[in-house]
Amino acid sequence: MAADHHGPAKGIGRWLFTTNHKDIGTMYLWFSFTMFIVGGLFALVIRTELFQPGLQFVKPEFFNQMTTMHGLVMVFGAIMPAWVGLANWMIPLMIGAPDMALPRMNNWSFWILPFAFAMLVATLFSEAGAPNFGWTFYAPLSTAYAPSSVTFFIFGVHLMGMSSIMGAINVIATIINMRAPGMTYMKMPMFVWTWLITAFLLIAVMPVLAGVVTMMLFDIHFGTSFFSAAGGGDPVLFQHVFWFFGHPEVYIMILPAFGVISEVLPTFARKPLFGYTSMVYATASIAFLSFIVWAHHMFTVGMPIAGELFFMYATMLIAVPTGVKVFNWVTTMFRGSLSFETPMLFAIAFIVLFTIGGFSGIMLAMAPLDFQYHDTYFVVAHFHYVLVQGALFSIYCGVYYWLPKWTGHMYDETLSKAHFWLTFIGVNLAFFPMHFVGLAGMPRRIPDYALQFADFNMLSSIGAYVTGFSQLIFLYVVIRCIRGGRPATDRVWEASHGLEWSVPSPAPYHTFAIPPQVR
Amino acid sequence: MSSRSDAEQTYYVPEQSKLPFLATIGLATFIYGAGATLNAARAGDPDPMSWLLPGGFAFFVAVLWQWFGTSIREHRLGLANAQLRRSYVLGMQWFIFSEVMFFFAFFLALAYVRLFVVPWLGGEGDHGLANRLWSGFAAEWPPSQTPQQALDAAGGTQLTARQSEFLAPPSTVSWSGIPLLNTILLLSSSVTLHFAHVALRGGRRGAMNVLLALTLALGMTFVALQAWEYHHAYTDLGLTLKSGIYGSTFYLLTGFHGLHVCIGALMLSVTLARARFAGDFTPEDHFGFQAASWYWHFVDVVWVCLFLSVYLL
Amino acid sequence: MLSESRRRGTRVLAGIMLACAVHAQASEPAHSSINLSPGVTTVSQAIYDLHMYTLWVCVAIGVVVFGVMFWSIFAHRKSKGAVASSFHESTSLEIAWTIAPFLILLTFAAPATNTLLSIYDADEAELDVMITGYQWKWKYEYLDQGVAFFSSLSTPRESWDTIGVQQVPPRGENYLLEVDEPLVLPAGKKVRFLVTAADVIHSWWVPQLGVKKDAIPGFINETWTRVERTGTYRGQCAELCGKDHGFMPIVVEVVDEQQFASWLGERRARAEQERVLAAQTLTMDELMQRGEAVYTRSCAACHQPNGEGVPPAFPALKGSAIATGPLEQHLDIVLNGKAGTAMAAFAAQLGHADLAAVITYERNAWGNDTGDMVQPSDVARFEQSE
Ligand code: HEA
Ligand code: HEA
Ligand code: CUA
Ligand SMILES: [Cu+2]
């Protein structure tokens, strides 16, 4: 080994062969943003087509490909890698570790992703077209009736799964094994806690996803009959296995968000997080419950009544621990000394808008109501509130919060606030009216709709454009911040606390070569 | 700030490595090749890029070989400190947990099919109405006919588009022959492996090598018998992947298990080779041995679940 | 400044939410475009009531939670000189707000359970209708009544397939929500639906009835309705089922008992006519005319009105080897479909007259000038020979 492996290497090799958690975190974040743009452009195709009734620009078969690819790219390409990126950057800094536990595997987890997505997105240009069966790919539409690109889709999912599992193993090993002396579990920052639990969820459910796509692969290519009644299987079996993965998956996307918010609020309220212990227990309860609620996505498939009731009650219970979190956050702000820098704006917006998304979730959880809501835009409204105004907002929150630590420069406060407000307006304009059209009866995944939905759809589309445009501001702010700007202090924020603020800004290539002592 | 030599003592940060990126190239080539080959086979087209699959696979395996070799070398050089070794341990344990969950998906499918789907199709329970579409199908496990066959026999017309001919096997594999023998083989291999570990900890390297070899032999016998059983099932019993849901669950569960036995056997061979020819592993420090042995025990436990749910019940 | 505008934003948001709820209660159900409709059955009404109840409770929780939060934002601002306290836990408070939501949830769960139980009680139905989803149409079969037919979108293609079209024909009020043959039901009777599908999963949904049930190929789901009020109720397929998922509406026409009886009679007579027709020999013109109608209804979705298909998924019939080649092959693929593709076995869907007509049409339209004529009896003979 070379004695001077302590600074970054030169050239492209730095990125291809790196084992440094900061480099890898950076790559994850840029990859995620790229995918967000790609997935966002797909969303804009959808919104453009839905701007007015009638088929305007794309044919129904292409529309379905856009919906599918949008969902897949956003979930697996944008949100999840963003969290892994933040974990890579911040967990070692927050627990006083010099790097991730398994640095070479870390590099591997990352580099699999661009290849997997290149393969997936490339199917758009193939003769058969991209996958067109929705991001939930229900059989038999995704097996017997699928375009041939489904094979590449399946293998793409296998690759993403491998990447996620390896990433999660790395996070768990890092957190369990690499904490600085004195950093007991109950002293860990909330972001680390939420990621520990997220990593557990990932290792538990990504293999199940791999299993279900493997069954698809065999049904398609080798004549098995898992999802075909003629051979004694059941299309609904697909849904059970898929959602056994799929529901925990949505918490995989939101638990780290809870962590970020729990870091940011105390800093800008200048007051310690309220109810740290109950936050930890609430997170664990949510994770536990997430394993026993999957069939709330399947209330209309004709489950036996006992199943309906069980899954309904279990799902409704999730409101309790989530409520604890929301109440703790609000109480953290209460009688604090608040200031409203950009991360704080995103955090506050997160609390309000995520809770609205949670409310629609509770309404969906009630089986008889779900008979009316299921597969309408009401569901689309629900999950964009928790995913965009929830997960995405908290990612922005975290990025603004830690950007000065990464780059050593303060970002442009005015432009970043413009980014916040325009995004805030854009997403609410885009997604709030979806509640209305959904309740009024507009199904999801349709390229054309009845005339009474026209007005709100136009609003939604305008909102989507506003949102899309505003992300360019973000790109500009970040690039400017990397290039230069007012130097950031080590502490960056007046009231920030935690190990990550004890190292210089920008954080040196290697930090905590000597473990700090935590009291 | 700290001096660098301190850093080296507390933590080993590997230098840059080309291995992961090369592994990615291998993996991506291999996977893409697999997709292209499968699609070409399904469409009945010639596959101009058929070399991608084996080529990518070979490259991938070669890189992994290098990678493990590097880790082992570092270990021998003493670069892996206690903390890194603990990381490896955790990594292996959680990896095995992920494998458990992979099998869980298939066991879940089997349970759901047996508890719900087959009874429903046979006219029992909440969804017994389904039998209207498959009149003649009776709920039993293993099914003596697939719903499609039963309907054809009853002279009905199938409503769902016929995607394939699913023919239930005239008879199925009984638990009492090879499967029982295989269970005994695999269980004893876990015992021999355990005593190999005991021997290693007691510093009795000769015994360890013999016991390891014995474990490996038992494992290979298992694989051979399993292969023979497959052959028998395919040719004599007519039990194939296309034999409806029984064939589907049977082959995927036992098949993925068999694959994992092979991987485990490979790990054990490497372990044996390292122990025998390189003199690796000490009574205190033998992560490689331990990882292989955990994996082997895991594969064994899966088999027991399999024996119970696929063959016996 | 900031929090000022933020609060205004939230007030607007809350205002919209309130407005929608109030508006929903005031407006005619059929025209509401921002809320659930109370519908026309006891089930849909129960769902609606529960929906409004949960909505209001959630709004109330929101008002309290966001109220406290905005109060802090207003009163505990650093710029106003607020000094932070340092309290950070309170066991009693934390227990209180664990229990309170739980109690609220109980008040949701009880009515939800009741409604669910009644939705699941399909016993003692007076009429059974089998509903089968096909790509992209519905089949309705009145069990034990000898009546069955397909129902598909009747909005003319020109008014929705408008990519690159300059002059779009005017769209009617029920654009995309109209069908050629509605499902006709008697008012006041409990009707049981047996729902299934022939290819992929569909979902039969009529909001006004409060009924949504997935149609799973190979399985049968049970549900029911009882509509007191006569009228026309519209819905759509609610499960992604491929290309034309957005174009498979549902129309239910509820009529009084007498009208229903005479409708059934008329339907049976029509079925009889079909049988007679199948025994006759038709002229080329009759076949072509009928064939075009059948083609538009059953085949154009995939093979397109101009016969050019959407390659590679759906092959062109114009100039295709099969449609211009040996008749046997043509009969075979249309009657038996092709395993592993979307091409269904149409023997199970169309009568001999329709099959003969559509095959004749395909062999002579779009320049496929084979001149071949296929008679219903040819189709029957082919079926027998298999
Ligand atoms: C980040 C992702 C995320 C999160 C966090 C959630 C959170 C929740 N979701 Fe959501 N959901 C999705 C992502 C997410 N969901 C996605 C992607 C889909 C669609 C998938 C697809 O089909 O494509 C979906 C679909 C979906 C459905 C299926 C709808 C259908 O298809 O018919 C249901 C039904 O139960 C549901 C319920 C819930 C519930 C109960 C919560 C709860 O966790 C919410 C809990 C939070 C609160 C309730 C607010 C805070 C609490 C309080 C302030 C306490 C007091 C409150 C009360 C007493 C009510 N979700
Ligand atoms: C996980 C996160 C996530 C995110 C962030 C988003 C973001 C957005 N989504 Fe959605 N969405 C899903 C997850 C997500 N989505 C899922 C899971 C589904 C279900 C799929 C399915 O049914 O199978 C779905 C489905 C879905 C639908 C329903 C489709 C249908 O049913 O047919 C719609 C419709 O409006 C929509 C819209 C949007 C919009 C407007 C955004 C916007 O927020 C996007 C904003 C971003 C941009 C617009 C990109 C901005 C950048 C530029 C414009 C710059 C260009 C610059 C360069 C080229 C340099 N999404
Ligand atoms: Cu049929 Cu959607
Ligand atoms: Cu869910």
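The values are calculated or read from the model by the stated rules, or taken from the named source; none is laboratory data. Worth saying up front: this structure is predicted, and the values here are computed from it rather than measured. Please note: Cβ atoms are built from the backbone with ideal geometry, for glycine as well, and neighbour counts cover all protein chains shown.
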Inset, instruction - Sort through B:35, B:69, B:55 and tell me the only one that's under 30 Å from residue A:242 (Cβ atoms), outside the structural domain of residue B:258 (by TED's automatic domain parsing), free of Cβ contacts under 8 Å to residues at least 60 places away in the same chain and of a type outside the set (A, V, I, L, M). - result: B:35
Inset, instruction - Go through (1) under 22 Å from the mean Cα position of the chain (by Cα); (2) among the aliphatic types (A, V, I, L, M); (3) crowded, with 20+ Cβ neighbours inside 10 Å one by one and return the number of the condition residue B:208 breaks. - result: (1)
Legend entry - Among (1) touching a helix residue (DSSP H, G or I) at 6+ places or on another chain (Cβ under 7 Å); (2) of a type outside the set (A, V, I, L, M, F, W, C); (3) surrounded by fewer than 18 Cβ atoms within 10 Å (Cβ to Cβ) - the single one residue C:296 does not satisfy: (1)
Inset, instruction - Restricting attention to the stretch A:125-138, report how many residues are facing chain C (nearest Cβ under 8 Å) and among the hydroxyl-bearing types (Ser, Thr, Tyr). - result: 1
Inset, instruction - Go through (1) polar (S, T, N, Q); (2) within 16 Å of ligand 4 (Cβ to nearest atom); (3) at the interface with another protein chain (Cβ under 7 Å from one of its Cβ atoms) and name the single condition residue A:278 misses. - result: (2)
Inset, instruction - From A:464, A:367, A:418, grab the single residue that is buried (at least 24 other Cβ atoms within 10 Å of the Cβ) and either among the aliphatic types (A, V, I, L, M) or modelled with pLDDT under 95 (or both). - result: A:367
Inset, instruction - Would you be able to say whether some residue in the stretch A:490-509 is more than 22 Å from residue A:179 (Cβ to Cβ), touching a Gly at 6+ places or on another chain (Cβ under 6 Å) and β-branched (Val, Ile, Thr)? - result: no
Inset, instruction - Under 6 Å between Cβ atoms, at least 6 apart or on separate chains: pull out the pairs that start in the stretch A:328-341 with a residue that is more than 7 Å from chain C (Cβ to nearest Cβ) and over 11 Å from residue C:74 (Cα atoms) and end on any residue that is outside any helix (DSSP H, G or I) and not small (Gly, Ala, Ser). - result: A:328/A:274; A:331/A:274; A:332/A:273; A:332/A:274
Inset, instruction - Could you grab me the full set of residues in the stretch A:211-224 that are surrounded by fewer than 23 Cβ atoms within 10 Å (Cβ to Cβ), within 7 Å of chain B (Cβ to nearest Cβ) and in a helix (DSSP H, G or I)? - result: A:218, A:221
Legend entry - Meets criteria (of a type in the set (D, E, K, R), at pLDDT 90 or above and assigned to a loop (DSSP other than H, G, I, E, B)) for residue C:267: no
Legend entry - Test: residue A:354 is surrounded by fewer than 24 Cβ atoms within 10 Å (Cβ to Cβ) and either more than 7 Å from chain C (Cβ to nearest Cβ) or in a loop (DSSP other than H, G, I, E, B) (or both): no
Legend entry - Verdict on residue A:165 being within 25 Å of residue A:281 (Cα to Cα) and without any contact (Cβ under 8 Å) to a residue 40 or more places away in the chain: no
Inset, instruction - Please list, ordered by first then second residue, the pairs with beta carbon atoms under 6 Å, 6 or more apart or interchain, first in the stretch A:287-298 and acidic (Asp, Glu), second away from ligand 2 (no atom under 16 Å from the Cβ). - result: none
Inset, instruction - Answer with yes or no whether residue A:122 is buried (at least 23 other Cβ atoms within 10 Å of the Cβ) and either within 14 Å of chain B (Cβ to nearest Cβ) or within 16 Å of ligand 1 (Cβ to nearest atom) (or both). - result: no
Inset, instruction - Please indicate, with yes or no, whether at least one residue in the stretch B:202-222 is within 30 Å of residue A:208 (Cβ to Cβ), of a type in the set (Val, Ile, Thr) and without any contact (Cβ under 8 Å) to a residue 60 or more places away in the chain. - result: no
Inset, instruction - Check the stretch A:130-153 and report whether any residue there is in a helix (DSSP H, G or I), within 21 Å of the chain's Cα centre (by Cα) and buried (at least 24 other Cβ atoms within 10 Å of the Cβ). - result: yes
Inset, instruction - Would you tally the residues in the stretch C:22-52 being part of a helix (DSSP H, G or I), surrounded by fewer than 18 Cβ atoms within 10 Å (Cβ to Cβ) and either modelled with pLDDT under 90 or within 10 Å of chain A (Cβ to nearest Cβ) (or both)? - result: 7
Inset, instruction - Confirm whether residue C:212 is touching a residue at least 60 places away in the same chain (Cβ under 8 Å), crowded, with 23+ Cβ neighbours inside 10 Å, basic (Lys, Arg) and not assigned by TED's automatic domain parsing to the domain that holds residue C:305. - result: no
Inset, instruction - Residues that are within 30 Å of the chain's Cα centre (by Cα): find the helices (runs of 4 or more DSSP H) completely inside the stretch C:299-386 holding 2 or more of those. - result: C:300-303, C:327-336, C:352-364
Legend entry - Residue satisfying condition, being among the β-branched types (Val, Ile, Thr), buried (at least 16 other Cβ atoms within 10 Å of the Cβ) and not assigned by TED's automatic domain parsing to the domain that holds residue B:230, within set B:183, B:192, B:160: B:160
Inset, instruction - For the stretch A:23-41, name all the residues that are under 21 Å from residue A:94 (Cβ atoms) and either within 20 Å of the chain's Cα centre (by Cα) or of a type in the set (A, V, I, L, M) (or both). - result: A:24, A:25, A:26, A:27, A:28, A:29, A:32
